[in-house]
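The numbers here are math on the coordinates, done by the rules we state, and not lab data. Bear in mind the structure is a predicted one, so any value in this text is a computation, not a measurement. Backbone-built Cβ (ideal geometry, glycine too); neighbour counts: all protein chains shown.
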């Protein structure tokens, strides 16, 4: 049913509520009235909020009234940087899995032949690529067989084939696959990887190491649509069960957008999703990037989905010491890290994107990279004025103190991800950025105190997709399940601020803060009901495993673990959720 | 031939307790006159004379003899880049892979374009604990397979902790048809054989090792005075007998009359390189080092001779009488 509102076609402002929550402890994230007892929802929006008494008059026979009996509720959460497709889709793609613990070369051969027979070339895979895992070099050496393209050609020569080895350090490709990927004697090596070659003739042997197998991926058909769709769908179910109502699915291409659109059309896009188009081909090729940015992105748009956003890697990572710092790395006299784009290139790109209304999300792990990015935003604001598009510094592992006020001044969001502000071994690796930067790692407080918009992202699969772990971590800087008192360097923030980071600030970073992100009359009815009152419990070890009993987006029940809406016309969209590991 | 800026590297792999540190300490104390850069899991395990420590900033330990030690990190790429930016470059890099890691991963990183012009992987040495090996559970079995599949040399260590039958089973289950292996107690291997210290270039076959080790090895040197056929030569060198542990040669071939080809064989791995910037030479030379009695010299000599009949000459010697 289409019943849109416009200037002269208003839905009745009055009338009775579709849903009323009463007798709750409802935190609104609105400074003027942070706590209410009841909310009434009609046509997907909050119709009234206040005491039980104030909403009682809005109940009629069609209203569903839920007595919260003192339970805690709050606005839904926002995960502002995550990658469900990268985490899940390869596993769902139906690639070859030899499926034997230590396969011999003959077993690998049989598995390839069997897979190829069962998976003939198709419309989605016209060349009939055979791709998967794995072979074991030990068993090849034991059998005295050299694992090279000649061996793989002897198994399958008329279709391209590429098989990963068990340690996932290299892929073995046959001659046909090398040809389709344009890998030959004169093909240059990628920087972080190489094409193994005959050292006299320079002919590729068929072994492609690390970064070199991106060349095979670029030649293969894109990740199958069914795998992308399933990956996003599983994530939407999971996030609904954790109370997430808004996400940025960072790095998409036309195929990923199509998968999201098909879920949207099916009524299964149970969040507002900002899908950020990859500006570079460094994760997967985006063949229609320029068409998307020229306007094709609107084909995918709805009130739940938009692709008015690009994401790019401005600097690198601490693992490869390519995080771009404001001063040389520790122990170095000159090396500051690596930028993938010059400041001039960035300014031109940012100006163009800003004028199109496209948000630029810039991966900046180092304080030198974000300094240059903020300079570029400053340049754009000088040219075209404030407020412009609210751009986003992604990761923000370390920021210069001098830049903290610039997030507010320049209308830029500081996004902190992955969840590296708790002292796990994984987070401890960030300490290589140096002792004087340790206190400033993931500086939520610094940005918030300076009036800036701070948000968080799980950056799944880099850290777990459950947003409650990072949420608790902001309050404690401790590992939730740790029994010791070890803290990660840097400042905690208070619960009100952490809730803002998880809710209204997320909406602000999506520029939907006028319609969502907090509980206020006229705003989208996005609300979650929890099994505990966050204001009445210890923080450490008590918040990360919060159970979300109800999640509503635009008044639509998307998660209902206690079956409160079961049997009503408003039964939840999802009735189960995948676990994705320990949380 | 290799430019002097290329630094050889050896990766030492094996489970915790397999003898990696023992071997490292043996190398460090052999007084080879080399400035080593040693990347280890924990440099507290090394027997370093405190008086030798010139500087210790917690990450890098500098010794008075020019050696440095650092703790290996997850950031191998960054660590190697930093190492190569040092003012005083080491003569040799020793990398101790963690007991639970894949040494092949480190070997692959050394082959990245950014490193391979600066660092040459000489060998991956994998130690096996003969007492422990028969009792490995699935997960560790797979890890041992991973560590062995990358190995150029295999050291079956602690052979005093198993009997002859067990040792035979280990050889059968864990060695490859082309494995070059040592069987040791306390990782006592002839160091010049497992380290590419340049002791076996065609011009220098001198050994700097204990008498005891020297008697165990033979070398064989051969020269040809006319260009060879590359495919026949490659086939011959692909099939070097198991008793040959190292080989190095420089060849003039019919296929590349203007470009000398260098061949280096370490353990079970042979490598070729075209020396574009080296002037053609008059003759081809090959030096082989192997276990005494581990290969049939006459058969090899016949095959060498057959490569260029009438124009070859050679000599062989034992290390007690080095080539003059």
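Over every Cα atom in segment B:7-194, the radius of gyration and the widest Cα-Cα span, Dmax, amount to 16.5, 52 Å. Mean residue ellipticity, 222 nm, helices only, chain A: the sum of -39500 (n - 2.57) across DSSP H runs of n ≥ 4, divided by residue count and rounded to 500, is -7500 deg cm²/dmol. GNM remark for chain B: springs join alpha carbons under 10 Å apart, and the peak mean-square fluctuation among B:51, B:265, B:305 falls on B:51.
The value of relative contact order for segment A:225-509, using C-alpha pairs under 8 Å at least six residues apart, is 13 percent. Here the extension length gained between residue A:532 and residue A:59 equals 167.6 nm, from 0.36 nm per residue of separation less the Cα-Cα distance.
Out of every Cα-Cα pair in the protein assembly as shown, what percent are more than 50 Å apart? Tail of P(r) above 50 Å: 31 percent of Cα pairs. Among beta bridges from DSSP that stay inside the protein assembly as shown, the antiparallel ones total about 50%.
With a 10 Å cut-off around each Cβ of B:146-155, the average count of Cβ atoms from other chains is 3. If you bin all the Cα-Cα distances of segment A:195-291 at 10 Å, starting from zero, the percentages per bin are 14, 37, 25, 15, 7, 2. So what's Rg/Rh here for segment A:94-219, counting alpha carbon atoms and using the Kirkwood radius for Rh? Radius of gyration relative to Kirkwood radius: 0.94.
The stretch between residue B:271 and residue B:167 holds 34.4 nm of extra length on full extension. This uses 0.36 nm per residue minus the Cα-Cα distance.
Report note on the peptides B:148-161, A:236-249, A:283-296, A:65-78: ranked by the mean count of other C-beta atoms within 10 Å, highest first, their order is A:236-249, B:148-161, A:65-78, A:283-296.
The coefficient of translational diffusion for chain B, derived via Stokes-Einstein from the alpha carbon Kirkwood radius under 20 °C and 1.002 mPa s, stands at 103 µm²/s. Residues A:416, A:565, ranked from the fewest to the most other C-beta atoms within 10 Å, line up as A:565, A:416.
Each Cα pair under 8 Å and six or more residues apart adds its separation to the average, and for chain A the resulting relative contact order is 15 percent.
The share of Cα pairs per 5 Å bin across segment A:472-583, counted from zero up to the longest distance, runs 2, 10, 15, 18, 19, 18, 11, 5, 2, 0 percent.
For residue A:378 and residue B:100, the FRET efficiency from 1/(1 + (r/R0)^6), where r spans their Cβ atoms and R0 equals 51 Å, is about 0.60. Considering only DSSP beta bridges whose two residues both sit in segment A:94-219, what percent are antiparallel, to the nearest 5? Expressed as a percentage, antiparallel bridges in segment A:94-219 total about 60.
Each helix, a run of at least 4 DSSP H residues, gives -39500 (n - 2.57); summed and divided by the residues of chain B, these come to -6500 deg cm²/dmol at 222 nm. Mean per-residue shielding of peptide A:163-172 is 3, counting Cβ atoms of other chains within 10 Å of each Cβ. Most simply put, segment B:1-136 has about 25% antiparallel DSSP beta bridges, counting only bridges with both residues inside it. Which log10 I(q)/I(0) values, to two decimals, does segment A:1-118 give at q = 0.10, 0.18, 0.23 Å⁻¹ under the Debye formula with one point per Cα? Summing over Cα pairs of segment A:1-118 leads to -0.57, -1.01, -1.18.
The peptide list A:391-401, B:293-303, A:462-472, A:114-124, put in order of mean Cβ contacts within 10 Å with the highest first, becomes A:391-401, A:462-472, B:293-303, A:114-124. Spatially, segment A:528-583 and segment A:179-227 are offset by 46 Å when compared through their Cα centroids. Normalising by the residue count of chain B, find the relative contact order in percent from Cα pairs under 8 Å and 6+ residues apart. 17 percent. Springs between Cα atoms under 10 Å define the GNM used for chain B, and in it the highest mean-square fluctuation of B:190, B:134, B:177 occurs at B:177. For segment A:246-286, the share of alpha carbon pairs falling in successive 10 Å distance bins from zero is 30, 52, 17, 1 percent. Calculated translational diffusion coefficient of segment A:225-509 (37 °C, 0.692 mPa s; Stokes-Einstein with Kirkwood radius over alpha-carbon pairs) equals 170 µm²/s. Each residue of segment B:211-318 gets 97 Å³ once the volume of the Cα convex hull is shared out per residue. Taken over segment A:95-135, the convex hull of the Cα atoms encloses 56 Å³ per residue. Here the scattering of segment A:270-399 is modelled by Debye summation over its C-alpha atoms, one equal scatterer each and no solvent; at q = 0.12, 0.20 Å⁻¹ the log10 of I(q)/I(0) is -0.49, -1.16. The label point for residue B:279 and the one for residue A:485, both projected 7 Å from the Cα toward the Cβ, are 7.6 nm apart.
So what's the gap between the Cα centers of segment A:406-474 and segment A:1-49, to the nearest angstrom? When both Cα centres are located, 33 Å separates them.
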